[in-house]
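The values are calculated or read from the model by the stated rules, or taken from the named source; none is laboratory data. This one's a predicted model, so the numbers in the text were calculated from it and none came from an experiment. Glycine also receives a Cβ, built like all others from the backbone with ideal geometry; neighbour counts cover every protein chain displayed.
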Amino acid sequence: PPTPTSFFLVAEDLQIQVTDRPRLKPAPKNLTFGAEFSDHMLEIDWTEKDGWGFPVIKPLAPFIMHPASKVFHYAPELFEGLKAYRCVDGQVRIFRPMENMARMARTAARACLPDFDQAELLKCIKRLVSLDAEWVPYSEQCSLYIRPSAIGTEPTLGITMSNQAKIFVITGPVGAYYPTGLKPISLLADPSFVRAWPGGSGSYKLGSNYAPTVAIQRYALKEHNCQQVLWLYGDDHQMTEVGTMNLFVYWINEQGEEELVTPTLETGLVLPGITRKSLLELTREWVREVFGSGTACVVAPVDRILYEGRDLHISTGSDHKSLAQKLYDTLMNIQVEIVVVVVVVVV
Ligand code: PMP
């Protein structure tokens, strides 16, 4: 192929080879995680000398790589994970993808993998997703998982920066995580295992952070019947992460206030999750519940206030554990019990 004139990753240079053998899409009910892949992939090669080559979208296929490629020996590899959803209006949308691009660029710098224009890479990924749009499941519970990766491909064995690299992106439909509603998990919290440490690379999405956790995860399950590992750090056993998730605790603090807490990113022990960031942004703005109280109804949850021409929507915790519901149940129980007592007295 002709070499691009630019040193940079440019989405306009995208070359697209469409498959002549589209595969059958799996039914949403059969989907698990990461076992099915869409028809096409994105591939972009880089060399230190010439910069980024043409981005290419092509039919999903294996690579041929030299066995000395640095990634096979010293693991210069990073990845990202994000999702495209089929929304209620039928449109396909990717959730906060620039957050993933930014985290990917940050991890690339840590791994001595090349920098890239984040917005241009995202344009290429959007093109890939729109070409395989039919792979985005027609199901509210399912989604298309997007897995960008970058690897060092220089075929030499020195432990140095790889002067060749490849970004590639594959996608695939994934199933509902909780087909029957949220399901609690059990955690093994054993301080003899450490996932990340100050000055280490735990806050970056490097493949090398994950391989050593698999044995611990298996040990937790096989020996202790725990589904995930609660990763602890330090003599005081600080909680850091849960498996490959950020951790949240909702408690009443020493000042008697209800508080949602999550481990800080400042220590570098925690991956800056995009879901974590989203939950913090949401809950910082939340009025948790608004309700009225009175003899007639006991409590009346409020879900909308029209204020100066603007609708303010308030979550009503439609699940039965809302505070309004708990108060209603408790007060009703007390009232009913008193009624019973009164009846007894009258009799
Ligand atoms: N921590 C770790 C170690 C992870 O691998 C992940 C998954 N990327 C997360 C937290 C959650 O991050 P996100 O919300 O961006 O998926």
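Pick out the one residue from T156, T171 that is in contact with a Lys or Arg (Cβ under 8 Å, 6 or more places away or on another chain), surrounded by fewer than 17 Cβ atoms within 10 Å (Cβ to Cβ), modelled with pLDDT of 95 or more and β-branched (V, I, T). Working first, answer last.
On the way: T171 fails: surrounded by fewer than 17 Cβ atoms within 10 Å (Cβ to Cβ).
Every option except T156 fails the conditions.
Residue by residue through the stretch 227-248, note down the ones that are assigned to a loop (DSSP other than H, G, I, E, B) and more than 22 Å from the chain's Cα centre (by Cα).
Scanning the stretch 227-248 gives G234, D235, D236, H237.
What are the pairs, 6+ residues apart or on separate chains, where a residue within the stretch 227-245 that is of a type in the set (D, E, K, R) has its Cβ under 9 Å from a residue that is outside any loop (DSSP other than H, G, I, E, B)?
E241/V229; E241/L230; E241/W231
Quick check: anything in the stretch 51-65 within 16 Å of the ligand (Cβ to nearest atom), in contact (Cβ under 8 Å) with a residue 24 or more places away in the chain and either among the β-branched types (V, I, T) or touching a Lys or Arg at 6+ places or on another chain (Cβ under 9 Å) (or both)?
no
What single numbered condition from (1) farther than 30 Å from L113 by Cα; (2) in a loop (DSSP other than H, G, I, E, B) fails to hold for A196?
(1)
Give just the number: which of (1) more than 12 Å from the ligand (Cβ to nearest atom); (2) surrounded by 14 or more Cβ atoms within 10 Å (Cβ to Cβ); (3) under 21 Å from P148 (Cα atoms); (4) of a type in the set (G, A, S) does A211 not satisfy?
So A211 meets the others, but not (2).
Taking the stretch 77-121, which residues are crowded, with 19+ Cβ neighbours inside 10 Å, more than 15 Å from the ligand (Cβ to nearest atom) and either among the aromatic types (F, W, Y) or free of Cβ contacts under 8 Å to residues at least 40 places away in the same chain (or both)?
The one that is crowded, with 19+ Cβ neighbours inside 10 Å, more than 15 Å from the ligand (Cβ to nearest atom) and either among the aromatic types (F, W, Y) or free of Cβ contacts under 8 Å to residues at least 40 places away in the same chain (or both): F116.
Counting only residues that are of a type in the set (D, E) and modelled with pLDDT under 85, which one in the stretch 319-347 is farthest from G294 (Cα to Cα)?
Out of the qualifying residues, it is D319.
Condition first: within 16 Å of the ligand (Cβ to nearest atom) and touching a strand residue (DSSP E or B) at 6+ places or on another chain (Cβ under 8 Å). Now tell me which residues in the stretch 173-187 satisfy that.
Within the stretch 173-187, V174, I185, L187 meet the criteria.
Please specify each residue of the stretch 249-292 satisfying the condition of being more than 9 Å from the ligand (Cβ to nearest atom), over 30 Å from L331 (Cβ atoms) and either touching a residue at least 60 places away in the same chain (Cβ under 8 Å) or in a loop (DSSP other than H, G, I, E, B) (or both).
T262, P263, T264, L265, E266, T267, G268, L269
Given (1) farther than 29 Å from E99 by Cβ; (2) in contact with a strand residue (DSSP E or B) (Cβ under 6 Å, 6 or more places away or on another chain); (3) among the polar types (S, T, N, Q), where does Q325 come up short, assuming only one miss?
Unmet condition: (2).
I need the full set of residues from the stretch 218-244 which are within 12 Å of the ligand (Cβ to nearest atom), out of contact with any Lys or Arg (no Cβ under 8 Å at 6 or more places or on another chain) and not hydrophobic (A, V, I, L, M, F, W, C), in order please.
Once the filter is applied, which keeps residues that are within 12 Å of the ligand (Cβ to nearest atom), out of contact with any Lys or Arg (no Cβ under 8 Å at 6 or more places or on another chain) and not hydrophobic (A, V, I, L, M, F, W, C), the stretch 218-244 yields Q228, G243, T244.
Please count how many residues of the stretch 56-66 are of a type in the set (A, V, I, L, M, F, W, C), farther than 17 Å from E134 by Cβ and not in a loop (DSSP other than H, G, I, E, B). Talk me through it step by step, then tell me what you get.
Taking the stretch 56-66 as the starting set, the residues that turn out to be of a type in the set (A, V, I, L, M, F, W, C) are 56-57, 60-61, 63-65.
Add one more test, that the residue is farther than 17 Å from E134 by Cβ, and what stays is 56, 61, 63-65.
Remaining after also requiring not in a loop (DSSP other than H, G, I, E, B): 56.
The total comes to 1.
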